[in-house]
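FYI, it's all coordinate maths here, none of it is from the lab. Predicted model only: the values in this text are computed from it and were never measured. Cβ: placed from backbone, ideal geometry, glycine included. Neighbour counts: every protein chain shown.
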Amino acid sequence: MSAGIEAQRLRLVRIAQAGELNVRRTLRLADGELDTLATCTDSEVLAYAHALHARATRRAGHVPAGWTQASRCDGCGPVWLWPDAPERVIACPWCWNRVAGAPVPSPLDAF
Ligand SMILES: [Zn+2]
């Protein structure tokens, strides 16, 4: 591992800890992308880490924490999205699951 990548790994550890994210999971999810963090601010790295966790949660078929907006996707139908998301969208992050045959949680299942 190069010194630059190791520096970014240690930086991601520090930022994930400060953001109360699971550090091991964060590092696993960021594997192979550490070299891209050098030009990012700390707040961008924290947003990136949160996005990694949200993406992994979605890919596993679970609704990310805080995604409480029931919306309608033209591809998926009723879906959970983030607060203030449009009520109707042409496509959504759950489309990746639908196309891959992975679970797409529906707000209709909550009732
Ligand atoms: Zn969709």
List every residue whose amide H lies under 5 Å from the amide H of Cys73, counting only residues 5 or more places away in sequence or on a different chain, with H placed 1.01 Å from N in the peptide plane.
Val79, Val89
Per-residue ellipticity at 222 nm attributable to helices in the chain (runs of n ≥ 4 DSSP H, -39500 (n - 2.57) apiece, nearest 500 deg cm²/dmol) works out to -13500 deg cm²/dmol
Enumerate cysteines in the chain without a disulfide-compatible partner, where compatibility requires another Cys Cβ under 4.7 angstrom.
Cys40, Cys95
For the stretch 17-31, take each phi angle, set θ = phi - 60°, evaluate the Karplus expression 6.51 cos²θ - 1.76 cosθ + 1.60, and give the result in whole Hz per residue in order, putting x for glycine and proline.
4, 5, x, 6, 9, 5, 5, 4, 5, 4, 5, 5, 5, 8, 3
